[in-house]
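Visitor: Quick one: the structure is below, and I'll ask about it shortly.
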Amino acid sequence: MDFGVQVNLYRTDWAAVKASVEALEAGNWDSLWFADHYIPPGGGGDDAEEAKTAFEGLSAIAMAAGMTKKLRLGNLVLGNTYRNPALVAKIAGTIDTMSEGRFTLAIGAGWYQREHEAYGWVFPSMKERQDRFEEACELIRSLLRNQSPVDFDGKYYRLDHAQLSPGNYDNSKPIPIMVGGTGPKRTLRTLARYGDVMNLDGWEGQGMSLDYYKYKASILEQHCEDCGRDPAEIRRTLTVPCFLTEKASLVDQMVATYGEGTMAGSRQYIVDRIGEFKDAGIDEIMFGGVNSGDVKQLKMYETEIVSAFR
């Protein structure tokens, strides 16, 4: 099983982010992930909160690529409504080439309305965002998996004999597309059709129970059957809020916030929970809830949890 960390880019400074990246690269970790927002989530239109730092996700991950040699890199996840998807594919090809094949293109439909208002972007309805997202994933997959020019005539996006160069670092291993979100009707169908990586996000308020994962996986497998896709082609990953603590009051607080499946508790509890997911077919765990620059916490997780699976 692989392990990664979603390093916080908000209400922090680059020195703290840099310290986390260096610790992950030096340690026994497999991947590094940044989110993608233009103002810190949760600001609610408050000027003081929105004035706090929010590093742009793709330029930050490109910088991290130059700081590292072994870590796989990606964003959890890019908002489709922030950029033209052909531009996203172009940036992905550049980062993947520069990092020698270490980039995952992870993208979702977009959700943060206030961010769109702040930057003057249209915030479409949920249906339109899902329509745009599915079309974007189809377009991106076409660009990444064709070494010849691509024409695309969608409702929202178009390509006229467009070719991605540089594209994948290794054309025999196209940049994997992670489809963010697990909505049963649209998002998991988009994943089945155009994605390569499933990511179940424990910040969604459902916690991270094994039954919840199995439920979502069963829906994905049905969509794969409907579109003639082998579900074994899709890598399974989890992003989890993780709190290593013996304090019952903190465990109760985290469970109340994130749901019964939240990984909050003793070392043995967390190791056992991860072991269950490994047995169920999960390939990678990405830890969240770690403050930028908290190298001590990263090393504790590495020693207490990651080492149990090496």
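Visitor: Report yes if GLY281 is surrounded by fewer than 18 Cβ atoms within 10 Å (Cβ to Cβ), touching a residue at least 24 places away in the same chain (Cβ under 8 Å) and on the phi > 0 side of the Ramachandran plot, otherwise no. Steps first, answer last, please.
Guide: Numbers: surrounded by fewer than 18 Cβ atoms within 10 Å (Cβ to Cβ): yes; touching a residue at least 24 places away in the same chain (Cβ under 8 Å): yes; on the phi > 0 side of the Ramachandran plot: yes.
Spelling it out, GLY281 is indeed surrounded by fewer than 18 Cβ atoms within 10 Å (Cβ to Cβ), touching a residue at least 24 places away in the same chain (Cβ under 8 Å) and on the phi > 0 side of the Ramachandran plot.
Visitor: Show me the helices (runs of 4 or more DSSP H) entirely contained within region 51-144 in which 3 or more residues are small (Gly, Ala, Ser), in contact with a Phe, Trp or Tyr (Cβ under 9 Å, 6 or more places away or on another chain) and buried (at least 17 other Cβ atoms within 10 Å of the Cβ).
Guide: On the way: elements: 57-67, 85-98, 113-119, 126-144.
Ranges flagged: 57-67, 85-98.
Visitor: Still on this structure, please answer the following. Conditions: (1) surrounded by 18 or more Cβ atoms within 10 Å (Cβ to Cβ); (2) within 28 Å of ILE91 (Cα to Cα). SER172 meets all but one. Number of the miss?
Guide: (1)
Visitor: Restricting to region 158-184, count the residues that are within 13 Å of ARG141 (Cα to Cα), free of Cβ contacts under 8 Å to residues at least 40 places away in the same chain and charged (D, E, K, R).
Guide: Counting residues in region 158-184 that are within 13 Å of ARG141 (Cα to Cα), free of Cβ contacts under 8 Å to residues at least 40 places away in the same chain and charged (D, E, K, R) gives 0.
Visitor: Tell me whether region 180-188 contains one or more residues that are within 25 Å of PHE103 (Cβ to Cβ) and touching a Cys at 6+ places or on another chain (Cβ under 8 Å).
Guide: Checking region 180-188: not a single residue is within 25 Å of PHE103 (Cβ to Cβ) and touching a Cys at 6+ places or on another chain (Cβ under 8 Å).
Visitor: Given the criterion β-branched (Val, Ile, Thr), under 22 Å from ALA35 (Cα atoms) and surrounded by fewer than 21 Cβ atoms within 10 Å (Cβ to Cβ), identify the matching residue among VAL271, VAL295.
Guide: Only one candidate passes the filter, namely VAL295.
Visitor: Still on this model: With the structure loaded, tell me whether GLY181 is small (Gly, Ala, Ser) and surrounded by 20 or more Cβ atoms within 10 Å (Cβ to Cβ) or whether it fails that test. Before you say what the answer is, go through the steps one by one.
Guide: Working: small (Gly, Ala, Ser): yes; surrounded by 20 or more Cβ atoms within 10 Å (Cβ to Cβ): yes.
So GLY181 fits the description; yes.
Visitor: Any chance region 227-236 includes a residue that's surrounded by fewer than 16 Cβ atoms within 10 Å (Cβ to Cβ) and closer than 29 Å to LEU9 by Cα?
Guide: No, region 227-236 contains no residue that is surrounded by fewer than 16 Cβ atoms within 10 Å (Cβ to Cβ) and closer than 29 Å to LEU9 by Cα.
Visitor: Quick one: which of GLY275, GLY265 is on the phi > 0 side of the Ramachandran plot and more than 21 Å from the chain's Cα centre (by Cα)?
Guide: None of the other options fit; the residue is GLY265.
Visitor: Residue pairs, Cβ under 6 Å, 6 or more apart or interchain, first in region 9-21 and over 7 Å from THR53 (Cβ atoms) and modelled with pLDDT of 95 or more, second of a type in the set (Ser, Thr, Tyr) and not in a helix (DSSP H, G or I). List them.
Guide: Hits for this filter: ALA16/SER292; VAL17/SER292; SER20/SER292.
Visitor: Moving on to the next point. Could you tell me whether region 52-72 includes any residue that is among the aromatic types (Phe, Trp, Tyr), closer than 23 Å to PHE133 by Cβ and in contact (Cβ under 8 Å) with a residue 12 or more places away in the chain?
Guide: Checked region 52-72: no residue is among the aromatic types (Phe, Trp, Tyr), closer than 23 Å to PHE133 by Cβ and in contact (Cβ under 8 Å) with a residue 12 or more places away in the chain.
Visitor: Those residues that are buried (at least 17 other Cβ atoms within 10 Å of the Cβ), touching a Lys or Arg at 6+ places or on another chain (Cβ under 8 Å) and not in a helix (DSSP H, G or I), I need them from region 11-49; list them, please.
Guide: GLY27, ASP30, SER31, LEU32, ILE39, PRO40, GLY43
Visitor: Looking at this structure, is GLU246 over 26 Å from VAL179 (Cα atoms) and charged (D, E, K, R)?
Guide: yes
Visitor: From the residues in region 101-131 that are in contact with a helix residue (DSSP H, G or I) (Cβ under 6 Å, 6 or more places away or on another chain) and either touching a residue at least 60 places away in the same chain (Cβ under 8 Å) or charged (D, E, K, R) (or both), which one is farthest from GLY66 (Cα to Cα)?
Guide: Applying the first criterion (in contact with a helix residue (DSSP H, G or I) (Cβ under 6 Å, 6 or more places away or on another chain)) to region 101-131 yields 103, 105, 107, 109-110, 123.
Then drop every residue that is not either touching a residue at least 60 places away in the same chain (Cβ under 8 Å) or charged (D, E, K, R) (or both), which leaves 103, 105, 107, 109.
Numbers: PHE103: 12, LEU105: 17, ILE107: 22, ALA109: 28 Å.
Per the stated criteria, the residue is ALA109.
Visitor: Looking only at region 233-272, how many residues end up being of a type in the set (Val, Ile, Thr), in contact (Cβ under 8 Å) with a residue 40 or more places away in the chain and not in a strand (DSSP E or B)? Before you say what the answer is, go through the steps one by one.
Guide: Restricting attention to region 233-272, the residues satisfying the condition of being of a type in the set (Val, Ile, Thr) are 234, 237, 239-240, 245, 251, 255, 257, 262, 270-271.
After this cut, where a residue has to be in contact (Cβ under 8 Å) with a residue 40 or more places away in the chain as well, the list is 234, 237, 239-240, 255, 262.
Pick out the ones that are also not in a strand (DSSP E or B) and you get 234, 255, 262.
Residues that pass the stated criteria total 3.
The values are calculated or read from the model by the stated rules, or taken from the named source; none is laboratory data. Computed from a predicted structure; not experimentally measured. Cβ: placed from backbone, ideal geometry, glycine included. Neighbour counts: every protein chain shown.
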